[in-house]
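What follows is a short report on a single structure.
Bear in mind that the values in this text are calculations on the coordinates, not laboratory data. From a predicted model like this one, the values you see are computed outputs, not experimental measurements. A quick note on method: Cβ atoms are made from the backbone with ideal geometry, for glycine too, and the neighbour counts reach across all protein chains shown.
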Amino acid sequence: MTEVFDRIRDEIGKNDVLLFMKGTPVFPQCGFSAAVVDVLSQLGVKFHGINILVDPDIRQGIKEFSQWPTIPQLYVKGEFVGGCDIIREMFETGELEQLLKDKGVSLANAA
Amino acid sequence: MPMPAEEIVALIKLGIPDAVVEIEDMAGDGDHYAATVVSAAFAGKSKIQQHQMVYGALGGRMGGVLHALKLTTMAQKA
């Protein structure tokens, strides 16, 4: 499992905004993953998606790494921010936009 | 793989004894739930920690037999 954790750490380190998801940003294959992609698109955030459906090691590993049982999972600048429910809630309250700004992530659609 | 709502509520209360749980079977199929959990035990904890406490109470069922549970947690009733 350490090898998978190293790969996960490497991806998190390389990508400021990283979404572990089912499917791809262009073609999400689960409603919960699609919902987070939609939120990030609305905010105009550039992000990298990792399709866990084609990578069984990451699929299992990320759940243990984050101590979080479900997909999607969003990481911003190395920090686990949450899954679908938390991301949607934070988006509605404006917290997500604030967090991204605080972490220095550029938003194309920022007011 | 459906799971009855009462079982979900019972498990959450077993793990978080003072929890007030409202649960809704969104699709009516015993497989897609929305739950609101209110507990003083959430005070001072991040959303992630709050959800992790609920997932912990569900003892590994989340993401397994329980596919869809839309979760809202709060330390006191809004």
Notebook entry, point to check: Any idea what the dipole of chain A comes to, in debye rounded to 20, about its Cα centre with Lys/Arg Cβ at +1 and Asp/Glu Cβ at -1?
Noted result: 180
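Below 15 angstrom from the Cβ of A:Asp102, what's the summed charge of the other residues (Lys, Arg +1; Asp, Glu -1)?
Values: positive: A:Lys77, A:Lys101, A:Lys103; negative: A:Asp16, A:Glu79, A:Glu95, A:Glu97.
Around A:Asp102, the surrounding residues sum to -1.
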Notebook entry, point to check: Is there a pair in A:Lys101/B:Lys47; A:Lys22/A:Lys63; A:Lys22/B:Lys13; B:Lys13/B:Lys45; A:Lys63/B:Lys47; A:Lys63/A:Lys101 whose C-alpha atoms are over 23 Å apart, and which pairs would that be?
Noted result: A:Lys22/B:Lys13; A:Lys63/A:Lys101
Next item on the list: Rounded to the nearest Å, what's the spacing between the alpha carbon centres of segment B:46-78 and segment A:35-79? Just the number, please.
Entry: 18
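Across peptide A:31-37, what mean number of C-beta atoms from other chains lies inside 10 Å of a residue's C-beta? All intermediate terms of the calculation are to be shown ahead of the outcome.
Working: counts 2, 3, 0, 0, 0, 0, 0.
So the per-residue partner count for this stretch is 1.
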Next item on the list: Tabulate in residue order the Karplus-calculated ³J(HN,Hα) for segment B:26-41, using 6.51 cos²θ - 1.76 cosθ + 1.60 with θ = phi - 60°, rounded to whole Hz; enter x for Gly and Pro.
Entry: 5, 9, x, 10, x, 9, 10, 10, 10, 10, 10, 10, 10, 8, 5, 5
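What is the average number of partner chain Cβ atoms found within 10 Å of a Cβ in B:65-73? Could the numbers behind the result be given before it?
Working: counts 0, 2, 3, 5, 3, 4, 6, 3, 3.
Mean inter-chain Cβ contacts per residue within 10 Å come to 3.
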Note to self: As a test of the formula, what do you get for the protein assembly as shown when each DSSP H run with n ≥ 4 contributes -39,500 (n - 2.57) and the sum is divided by the residue count, at 222 nm and rounded to the nearest 500 deg cm²/dmol?
What the structure shows: -12500 deg cm²/dmol
Item checked: From phi via Karplus (6.51, -1.76, 1.60), per-residue ³J(HN,Hα) for segment A:52-62 in Hz, x at Gly/Pro -> 6, 5, 9, 9, x, 5, 5, 3, 7, x, 5
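Relative contact order (percent) for segment B:2-78, with alpha-carbon contacts under 8 angstrom and 6 or more residues of separation?
Details: 123 pairs, mean separation 27.4, N = 77.
That works out to 36 percent.
Using 0.36 nm times the number of residues separating B:Ala5 and B:Asp31, minus their current alpha carbon distance, what extension gain do you get? Display every interim value, and only then the final one.
Values: separation 26, 0.36 × 26 = 9.36 nm, distance 0.91 nm.
Net length gain for the segment: 8.5 nm.
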Check: Which value results when the Cα radius of gyration for segment B:5-74 is divided by 2.2 N^0.38 Å?
Finding: 1.01
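Taking the Cβ-Cβ separation of B:Ala43 and B:Val65 as r and a Förster radius of 22 Å, what is the calculated FRET efficiency to the nearest 0.05? Can you show the working numbers first?
Numbers: r = 30 Å, r/R0 = 1.37.
It comes to 0.15.
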